[in-house]
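The values are calculated or read from the model by the stated rules, or taken from the named source; none is laboratory data. Since the structure is predicted, the reported quantities are computational estimates derived from the model, not experimental observations. Cβ sites come from the backbone with ideal geometry, for glycine too, and all protein chains shown count toward neighbours.
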Amino acid sequence: MSVWSKVSNGWISYVVIVVAIVVAGYMVLTRGFGTSGPQYVDVYFYDIEAKELVPVPGNAISPVVMPDGSTVVRAQTFESHTSGDENGVFIAYLEKFSDDAHAVLTKYPIGTKVPLGEAGPLQRADMMLVATIEMAENDEWVPRETRRGQQIVALGNSDKVTGESLRPILPGK
């Protein structure tokens, strides 16, 4: 093997390594080729006034004021063919953040650190509120971490007729 072939093989290896590092760095900085950050799937929110499900991006902070001025809240939806629900979609329960927690979460987007002095509402047991549709229609919300809140969640996660666990369902699925 000549001196020239030893030098050119080393040079080619060096170029391949540099190109691989540049491509990896580009992908890390741009989160892939052509994507502009995390992509969120739609989830169901519920319009209490209109009594209908509305698809909203999954990173939305409940409650959400829609462009038409209506307010929607996150709906935990499951597939069910035995409970008589329209199109096999069963609304187990509704949830929204407390006013104080909502204010903090909208001020600091996902991925942003919340200053310790402002994080109090996110550490309280009443940060997340839940309700059945009937309760929400009467504006009766309970903290998810209370006994009543846990009962609402637990009862909503199983089929009313068979008692079996339900499969979560998203819009368009």
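Residues in the stretch 49-65 that are within 18 Å of ASP99 (Cβ to Cβ) and not small (Gly, Ala, Ser): ILE61, PRO63, VAL64, VAL65.
For the stretch 126-136, the set of residues classified as over 20 Å from the mean Cα position of the chain (by Cα) and either aliphatic (A, V, I, L, M) or part of a strand (DSSP E or B) (or both) consists of ILE133, MET135, ALA136, listed by residue number.
Among residues of the stretch 137-173 being hydrophobic (A, V, I, L, M, F, W, C) and part of a loop (DSSP other than H, G, I, E, B), the one that is modelled with the highest pLDDT is TRP141.
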